[in-house]
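The next block holds one structure in the form of structure tokens; read it before the comments.
The values are calculated or read from the model by the stated rules, or taken from the named source; none is laboratory data. None of the values given here were measured: they were computed from a predicted structure. We place every Cβ from the backbone using ideal geometry, glycine too, and count neighbours over all the protein chains shown. Surface areas here come from the heavy atoms of the whole protein model, side chains and all, with no ligands, DNA or RNA. Shrake-Rupley method; radii C 1.70, N 1.55, O 1.52, S 1.80 Å.
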Amino acid sequence: MDWIRIPAAPEDSSRTERRVMWTVSVYRRSGDTEVHEYTSHRLDSPGLAREHARLARERPWVSRVALTEHVREVSRRTIGEEGLPVRSLPPRRVPERPGGRLVAHFYEIEGLEGAGELSADDVRCHLYWLREAAASTRPPEGAGAKNASATLWEVAVVDVDRPTTEDALPHTPSDP
């Protein structure tokens, strides 16, 4: 009856996606103080960040232009059902990068459309529901206790924001 299983995770089952964006902040002098005027939206190319900084420096009232690099790392690793934290206990501590902050920690069941970001208890509930549904129906042709499986992912999202300079921006082939 229990023909949906979560296999133990292979050892090399993790991956990290990294996305880098930049913002340009503009400051002006007001008497003896410096006032933050505005910060651009997040820019996904170093060329756009350079262009925003160049245009800001052309304004006569600008006293300083500051660049910030925003890095989002999404780490995904497969886990077995035994890798879920014990009920009502906090999940395992996710190693954080220096200067980074954990913005999300959740689980996903691969192939379970629309379930979204799940807590460990949500995963247990979904697996119970799937197993109950599977017990009341006949397995697909050729499926047995060893054939039907789902992949369980632990996902951690870490953001790192740090000041940078135009010289430190990566260069692309389209740069002047």
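A compact table of results
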item	result
W3 vs. criteria farther than 19 Å from E154 by Cβ and modelled with pLDDT under 85	yes
Residues that are among the acidic types (D, E) and assigned to a loop (DSSP other than H, G, I, E, B), drawn from segment 45-103	E58, E96
Evaluation of G31 against (1) of a type outside the set (S, T, N, Q); (2) at pLDDT below 95; (3) surrounded by 15 or more Cβ atoms within 10 Å (Cβ to Cβ) (one fails), failing number	(3)
Test: residue in segment 13-20 that is modelled with pLDDT of 95 or more, open to solvent by less than 90 Å² (accessible area, probe 1.4 Å), assigned to a strand (DSSP E or B) and of a type in the set (S, T, Y)	no
Condition met for G83 (exposed (fewer than 12 other Cβ atoms within 10 Å of the Cβ) and in contact (Cβ under 8 Å) with a residue 60 or more places away in the chain)	no
P90, sole failed condition from (1) without any contact (Cβ under 8 Å) to a residue 40 or more places away in the chain; (2) closer than 30 Å to W22 by Cβ; (3) open to solvent by 60 Å² or more (accessible area, probe 1.4 Å)	(2)
Residues located in segment 154-175, provided they are modelled with pLDDT under 90 and either among the acidic types (D, E) or in contact with an Asp or Glu (Cβ under 9 Å, 6 or more places away or on another chain) (or both)	D175
Top-ranked residue in segment 116-135 [being exposed (fewer than 14 other Cβ atoms within 10 Å of the Cβ) and not acidic (D, E); ranked as nearest to W153 (Cα to Cα)]	G116
Meets criteria (modelled with pLDDT under 95 and of a type in the set (S, T, Y)) for S88	yes
Residue selected from segment 36-74 under the condition touching a residue at least 24 places away in the same chain (Cβ under 8 Å) and touching a helix residue (DSSP H, G or I) at 6+ places or on another chain (Cβ under 7 Å), by the criterion surrounded by the most Cβ atoms within 10 Å (Cβ to Cβ)	L67
Evaluation of A148 against (1) modelled with pLDDT of 75 or more; (2) buried (at least 16 other Cβ atoms within 10 Å of the Cβ) (one fails), failing number	(1)
Extreme residue, surrounded by the most Cβ atoms within 10 Å (Cβ to Cβ), among residues of segment 93-115 that are in contact with a helix residue (DSSP H, G or I) (Cβ under 9 Å, 6 or more places away or on another chain) and touching a residue at least 12 places away in the same chain (Cβ under 8 Å)	Y107
